[in-house]
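Read the structure below first, then the notes.
The values are calculated or read from the model by the stated rules, or taken from the named source; none is laboratory data. What you see is a predicted model, and the numbers here were worked out from it, not measured in a lab. All Cβ positions, glycine included, derive from the backbone under ideal geometry; neighbour counts span all protein chains shown.
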């Protein structure tokens, strides 16, 4: 933003945004009368290029908002021009027309197959194939159905869909998978042309013959607990004792088991890494009482713990004390990056109008980043093993001087250089400078990764710790905190009457003479 324009602008939308996101421009002072709030913004004041469907509207006396309808296009840079000289008097020539840009996400899809199920155990020959389609941004259900088709032989199978609220995870069930006396295959095809993506692929899913009871796949699972999924061609007898029927090299065989349909989940006592041999022995029974006739041996690669973070607890109030402790847990990391965003006390009500306490909507309007610092985890907990989940206590008082009237959003992230994950041969990446067009880099403003966009970027790399895309804000944690020694409990008693109890959070004792004001 030109220095001469800062006197007129308070905040505006920046960086990489969703196709569904509005574009806001907030001015430093009121520019319209109260009766104009909610009306359409004249075209002479603001333009968006390339042209997009939707409407500019006055959100309040200081804010104009563009709401796209239909959605914005994928992978498009939209330039917004605002005529400051039409809104303010005596604007310098170089600030008369303010221009900024936002970028929408690239279109990417990935497909995950969960496996086969037998919905009606009385009909062994009729199965379902289930899975998920992940998209990089919102896609409506009708368009998702154009991306994927499932076929068996010459038949296209009927596919039903459900979708999560943000339109980025889409669950499919292919009905009518036939299992006969001979083995066959189902083919899952996807083509991203409908969303402008060049991704095309085909996955074969083997359908064993009826009576061929065997292991079809062994899949290590990442997460907070070490485990491996063993998939079978038939639904299992879930009441059998699996002890002694599964062995994994490098493990003590002290397993816990959970059988669900065709899947046997094996929980390991300790995590494994490297190439291991998984053996499933004869004696495993299916739902129909048949025993698996042959031992099945699989070579499986267990990866080291992927770098991850998680917060502990749910509280947002830290008592005023010499120590302000925020606990968190980490695995696969030797260092984290801490960012402190201060929400100024005179902007707290504005923040709460658009956010819950841990919200992230339009934060640049209400505060700014006041600290960003790398913190070696051994400095916090020297005895912790970074290859296991361990708890750490972040003393916020050692980072900054607390303003007791303000809110603070504490953000914790990590980079490739902070990870303990081993990737083998080092790979170089061609990063594109200033791809975001954002002047205010933040741990929460890095959809392509904390290092930025690189020319080799693919969306599926977001799940691989060996690529910069993995280290993005979806994997970081944050919490908005306030500091106070007072706890407040309010109970409604009807007829617009309320009973309020104020306690001291450090002593748990009631506070005498406290005054409670309802806004």
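Quickly run through region 18-44 and pick out the residues that are outside any loop (DSSP other than H, G, I, E, B) and either out of contact with any strand residue (DSSP E or B) (no Cβ under 7 Å at 6 or more places or on another chain) or surrounded by 12 or more Cβ atoms within 10 Å (Cβ to Cβ) (or both). Don't jump to the end; show me each part of the working.
Applying the first criterion (outside any loop (DSSP other than H, G, I, E, B)) to region 18-44 yields 23-27, 34-36, 40.
Scanning region 18-44 gives 23, 24, 25, 26, 27, 34, 35, 36.
Among the strands (runs of 3 or more DSSP E) confined wholly to region 117-180, which include 1 or more residues that are in contact with a helix residue (DSSP H, G or I) (Cβ under 9 Å, 6 or more places away or on another chain) and closer than 24 Å to residue 196 by Cα?
Numbers: elements: 126-135, 148-152, 158-163, 169-178.
Counting at least 1 such residues, we get 126-135, 158-163, 169-178.
Can you work out which of the residues in region 483-506 that are loosely packed, with under 10 Cβ neighbours inside 10 Å and outside any strand (DSSP E or B) is modelled with the highest pLDDT?
Filtering region 483-506 for residues that are loosely packed, with under 10 Cβ neighbours inside 10 Å and outside any strand (DSSP E or B), the one modelled with the highest pLDDT comes out as 497.
Looking at region 194-209, which of the residues that are in contact (Cβ under 8 Å) with a residue 60 or more places away in the chain and in a strand (DSSP E or B) is surrounded by the fewest Cβ atoms within 10 Å (Cβ to Cβ)? Even if it seems obvious, please write down each step before you answer.
Pass one, region 194-209, residues in contact (Cβ under 8 Å) with a residue 60 or more places away in the chain: 195-197, 199, 201, 203, 205, 207.
Filter once more, so that each one left must be in a strand (DSSP E or B): 201, 203, 205, 207.
Numbers: 201: 12, 203: 14, 205: 20, 207: 22.
Ranking the qualifying residues of region 194-209, first place goes to 201.
Can you list the strands (runs of 3 or more DSSP E) found entirely within region 210-262 that contain at least 1 residues being touching a helix residue (DSSP H, G or I) at 6+ places or on another chain (Cβ under 7 Å), in the same structural domain as residue 115 (by TED's automatic domain parsing) and closer than 15 Å to residue 295 by Cβ? It would help to see each step written out before you state the result.
Working: elements: 215-221, 227-232, 246-248, 256-260.
Filter on region 210-262 gives an empty set.
Looking only at region 251-264, filter to residues that are at pLDDT 90 or above and surrounded by fewer than 18 Cβ atoms within 10 Å (Cβ to Cβ); which one of those is nearest to residue 336 (Cα to Cα)? Working first, answer last.
Pass one, region 251-264, residues at pLDDT 90 or above: 255-264.
Now restrict to residues that are surrounded by fewer than 18 Cβ atoms within 10 Å (Cβ to Cβ): 256-258, 260.
Values: 256: 33, 257: 35, 258: 35, 260: 38 Å.
Filtering first and then ranking leaves 256.
Output yes when any residue across region 71-78 is in a strand (DSSP E or B) and over 19 Å from residue 104 (Cα atoms), and no when none is.
Let us first name the residues in region 71-78 that are in a strand (DSSP E or B), namely 77-78.
Remaining after also requiring over 19 Å from residue 104 (Cα atoms): none.
Looking through region 71-78, none of the residues is in a strand (DSSP E or B) and over 19 Å from residue 104 (Cα atoms).
Scan 229, 140, 164, 191 and give me the residue that is farther than 30 Å from residue 73 by Cα and either in contact with a strand residue (DSSP E or B) (Cβ under 9 Å, 6 or more places away or on another chain) or surrounded by fewer than 19 Cβ atoms within 10 Å (Cβ to Cβ) (or both).
Values: 140 fails: farther than 30 Å from residue 73 by Cα; 164 fails: farther than 30 Å from residue 73 by Cα; 191 fails: farther than 30 Å from residue 73 by Cα.
Among 229, 140, 164, 191, only 229 is farther than 30 Å from residue 73 by Cα and either in contact with a strand residue (DSSP E or B) (Cβ under 9 Å, 6 or more places away or on another chain) or surrounded by fewer than 19 Cβ atoms within 10 Å (Cβ to Cβ) (or both).
Of all residues in region 414-473, count the ones that are loosely packed, with under 15 Cβ neighbours inside 10 Å, touching a strand residue (DSSP E or B) at 6+ places or on another chain (Cβ under 7 Å) and modelled with pLDDT of 90 or more.
1
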